[in-house]
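Beneath this line is the structure, given in structure tokens, with notes to follow.
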Amino acid sequence: MENELLNLGAMALRKAALNEEAKAYILSNPKLFHVLKKAADRYIGGETLEETIGKVKLQNEKGFKCSIEFMGESTRTEIEANAARDEFIKICQEIKQQKLYSTISLDLSHIGLTVSTDLCRHNLNLICQEAAKGNIEVIISAEDAGRTDAVLHVYNEIVKVHPNVAITLQAYLHRTQDDFKEVIKNKGRIRIVKGAFETPTGLSLPRGEELDHVYLGYVDKLLSENHLCSIATHDKRIQHEAKALIQQYKTKSDVYEFESLYGIQYDQLLQLKEEGYSAKLYLVYGKEWYLYLCNRIAEYPLNLFQALIDIVE
Ligand SMILES: Cc1cc2nc3c(=O)[nH]c(=O)nc-3n(C[C@H](O)[C@H](O)[C@H](O)COP(=O)(O)OP(=O)(O)OC[C@H]3O[C@@H](n4cnc5c(N)ncnc54)[C@H](O)[C@@H]3O)c2cc1C
């Protein structure tokens, strides 16, 4: 009964996140906006890059590496895709100028993949060139399963030219078994995540022991080959097992990183950092925080209580 309610609540939140009318109402209602923004602040860098840089500096001082993303995806026009590209270029310039300890993360569909592959390739190339000037890594996110081929196609091309590009693979997709074998041939960092999107039946593993086992299999392979990797999960048991693998392979801290979303299970990451492991926080910023907040609560409905606390405090 409790689980059923939690699942229904999570589904309702995902629906609310995509409801344009609700979103427009909240964004146009100053009181509601203010209240919900208080809850969102726990999970986002801010609405602007400037706000985010403030948070990144704080976390850098505490010894965390960071990754910055300007939120957005599925841009429909070349103008929008180019505007996003320019924002990512600005992030690279600020990271370099302000000497931040940070990479950048992005969705290829944000910078043109949904308009044309050529546009996306062109924009990614410009971003990687700017990033290279500051020795900054550019990490490509994994999107829904319908886009995996297109994303990997662009990645496999660009990584040959720009070694500072990294890719995210979703452990829950069955196809990742094959994609992994191809992707690992390149030097670029591989970030392993469980996977966040609903998929058509038969394409993915559900959350559970089998997925955790598969996830750790990828981590084991990456660490055993001393391949740059990111262990991007909040799953305490996986983090624990990964620590054992890092010790077993005597992996140096510049090869791997434990990576968490900003505001999620922070104490676990802090603990890892204090034990001497390389730890990184992923911060997103932008005006679309409403969607981001709903998703963070939907994937862990107990966060609703945290949101209430943040709102009344
Ligand atoms: C750095 C980073 C980058 C990512 N990039 C992508 C991407 O490009 N593509 C993609 O599909 N997915 C991405 N994800 C999301 C990922 O796929 C998972 O959906 C997400 O990390 C939750 O799964 P989990 O590994 O934490 O394990 P889960 O099995 O979902 O959760 C394990 C435990 O972690 C804790 N936890 C999980 N989520 C929350 C939460 N919201 N609040 C509080 N506690 C929580 C809980 O204790 C839970 O029991 C990324 C995640 C991270 C950390």
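The values are calculated or read from the model by the stated rules, or taken from the named source; none is laboratory data. Note that this is a predicted model, so its numbers are computed, not measured. All Cβ positions, glycine included, derive from the backbone under ideal geometry; neighbour counts span all protein chains shown.
Numbers for the structure displayed
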item: Top-ranked residue of the stretch 57-102 - restricted to ones that are of a type in the set (A, V, I, L, M) and surrounded by fewer than 18 Cβ atoms within 10 Å (Cβ to Cβ), ranked as farthest from the chain's Cα centre (by Cα); result: Ile79
item: Any pair with Cβ under 8 angstrom, 6 or more apart, that starts in the stretch 37-65 at a residue that is among the acidic types (Asp, Glu) and ends at one that is part of a loop (DSSP other than H, G, I, E, B); result: Glu47/Gly286; Glu47/Lys287; Glu51/Gly45
item: Among (1) without any contact (Cβ under 8 Å) to a residue 60 or more places away in the chain; (2) within 20 Å of Leu100 (Cα to Cα) - the single one Tyr282 does not satisfy; result: (1)
item: Residue in the stretch 257-275 that is surrounded by the most Cβ atoms within 10 Å (Cβ to Cβ), counting only those that are within 29 Å of Tyr292 (Cβ to Cβ), more than 9 Å from the ligand (Cβ to nearest atom) and over 16 Å from the mean Cα position of the chain (by Cα); result: Leu272
item: Top-ranked residue in the stretch 197-213 [being away from the ligand (no atom under 12 Å from the Cβ) and touching a residue at least 40 places away in the same chain (Cβ under 8 Å); ranked as farthest from Asn295 (Cα to Cα)]; result: Leu203
item: Test: residue in the stretch 27-38 that is surrounded by fewer than 18 Cβ atoms within 10 Å (Cβ to Cβ), over 23 Å from Leu124 (Cβ atoms), modelled with pLDDT of 95 or more and of a type in the set (Gly, Ala, Ser); result: no
item: Candidates Lys187, Lys194, Lys133 - the one that is at pLDDT below 95 and either within 16 Å of the ligand (Cβ to nearest atom) or closer than 30 Å to Asn60 by Cβ (or both); result: Lys187
item: Residue list for the stretch 276-307, restricted to those being polar (S, T, N, Q) and either touching a Phe, Trp or Tyr at 6+ places or on another chain (Cβ under 6 Å) or more than 11 Å from the ligand (Cβ to nearest atom) (or both); result: Ser278
item: The stretch 1-47, residues that are of a type in the set (Val, Ile, Thr), assigned to a helix (DSSP H, G or I) and closer than 18 Å to Phe305 by Cα; result: Val35
